[in-house]
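Inspection log for the structure reproduced underneath, given as C-alpha cells.
All of the numbers you see were taken from the coordinates with simple rules; none came from a lab. What you see is a predicted model; the values in this text were computed from it and never measured. Reconstructed Cβ throughout: ideal geometry from the backbone, glycine too, with neighbour counts over all protein chains shown.
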Amino acid sequence: MRILITGGAGFLGSHLCDRFLAEGHEVIVMDNLLTGKAENIAHLAGHERFKFIKQDVTEYLFVEGPIDAILHFASPASPADYMRYPIQTLKVGALGTHKTLGLARFKGARYLLASTSEVYGDPLVHPQSEDYWGNVNPIGPRGVYDEAKRFAEAMVMAYHRSHGLDTRIARIFNTYGPRMRINDGRVVPNFIAQALRGEPLTVYGDGSQTRSFCYVDDLVEGIYRLLMSEEVEPVNLGNPHEMSILQFAETINRITGNTAGVIFKPLPKDDPKVRQPDISKARRVLGWEPKISLEEGIERTIPYFRQRLGLVVSGEK
C-alpha cells in the first residue's frame, strides 16, 4: 500500500511510519512541524519507501500518484499545545479533515481519523464506551481540541454516508512512549522528566482524578488493525487499566528511585475527573487489547527521556 500520514512527524505519527514501513508499505508524511519534530523521522531519511512533505494540511493538498490509505493524525494534541495554538487546532480539525477527506475521495483511498477520548469531555458515564455522546464545554479552554475532533468525526461520517468513502475513526486514549516531547505538558513526560531530575512531581488537584495509560506499541497495533478492518463507526483504543494521578506519580517515583515526593497545584479548568476506555468493541471487532504493562512501558520510555535530558551515562544507550 501507499499510505499518507498527516502529522507523521509527531509522537504517534512517527511510530506509525515505522510500523507501516516494517510491514512493507510505502509511506508519505505530511507535516508542517508546528508541534511535530523532524528528528522523530530523521532515521527514515533516505529510506526508499519514505517521503516527507512539509505542508499545512489546512491548505490545498496535492500528492502525486496513487494513495491507498490516508491516516489523519495532524493536530496539536496536548493541552499546552492546543491552548498555545487554539485557532490552528480548530483549523486542522475542521479544514484539515475536509481537505484530507477530499483527497481520499479523489484518490479512492481508505481514510482513518485519529480522534480522541477528549470527545467524551468530563464524562458522566464511566468507563466510556463508543455510544456515549460526551459532556463537553464547547467554549472552555479545552473546547478547541474537543470540538475540533467532534467536528472531524461528524465530517468523516458525512463523507462516508454521502460519498460512500471507506472510513475509520479511532478514539485514542492517553498514550505514552519514546518521542513524546518533554515540554508538551502531559502527565507522562512531566512526571518522568521531574523524577529523572530528582524533583517533586507536580500533581494537579488532589490527585484523585484518574487516567488510563497505553504504551505506544500497543496503540499502533490497534490503529493498524482498525485500518485493515471493516469497522466504520468509532472504536476506542486505549488501556482500560485505570489509576489515579497520585498513584501514577507514586509509580513513577518508585520506578525511577526518585525520593522527592510530590507537590500539589490547583486543578486546571475542565480537567476530566475520570478517564477509562471501555474496549469491548476493540476486543470484539479487532481482536485487540493492550499487552504491555504500565511498569514495562515506563521502563521502555525512561531511556529516551534520560537521553533527551542529557542524563545518559557514558557507554549507556
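Numerical summary
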read-out	value
Per-pair calculated FRET efficiency, R0 = 41 Å: Leu124 and His43 via Cβ, rounded to 0.05	0.40
Range in the chain, longest, excluding exposed GluC sites (Glu not before Pro) [loop by DSSP; at most 14 other beta-carbon atoms within 10 Å]	65-229
Packing-based exposure ordering (other Cβ within 10 Å, fewest first) of Thr167, Thr6	Thr167, Thr6
Stretch gain in nm, segment Arg283-Glu295, where the contour uses 0.36 nm per residue and the Cα spacing is subtracted	2.1 nm
Highest-MSF residue in the chain out of Ile70, Ile298, Ile263 [GNM, Cα springs under 10 Å]	Ile263
Segment 1-66: chymotrypsin sites (Phe, Trp or Tyr not before Pro) in DSSP loop, at most 16 other beta carbons within 10 Å	Tyr60, Phe62
Extension gain from Leu267 to Glu199, taking 0.36 nm per residue of separation minus the Cα-Cα distance	22.5 nm
Segment 106-152: radius of gyration and largest Cα-Cα distance (Dmax), Å	12.8, 40
Simple label model, 7 Å out from Cα along Cβ direction - Lys51 to Leu95, nm	2.4
Enclosed volume per residue, in Å³, of the convex hull spanned by Cα atoms of segment 53-181	125
Cα centre as origin, Lys/Arg/Asp/Glu Cβ charges: the chain dipole, Debye	440
Highest-MSF residue in the chain out of Ile252, Ile169, Ile292 [GNM, Cα springs under 10 Å]	Ile292
Potential lengthening between Glu230 and Ala154 on full extension [0.36 nm per residue; Cα-Cα distance subtracted]	25.5 nm
Number of Lys pairs (Cα under 22 Å; 8 or more positions apart or on different chains) in segment 1-130	10
D_trans [Stokes-Einstein, Kirkwood Rh over alpha-carbon pairs] for the chain, 4 °C, 1.567 mPa s, µm² s⁻¹	65
Using a Förster distance of 51 Å, the FRET efficiency for Ile255-His163 (Cβ separation, nearest 0.05)	0.55
Rg ratio (alpha-carbon, reference 2.2 N^0.38 Å) - segment 189-281	1.30
Within a Gaussian network of the chain (alpha carbon springs, distance under 10 Å), most fluctuating of Phe73, Phe248, Phe264	Phe264
The chain, helix-only ellipticity at 222 nm - DSSP H runs n ≥ 4, -39,500 (n - 2.57), divided by all residues, nearest 500	-12000 deg cm²/dmol
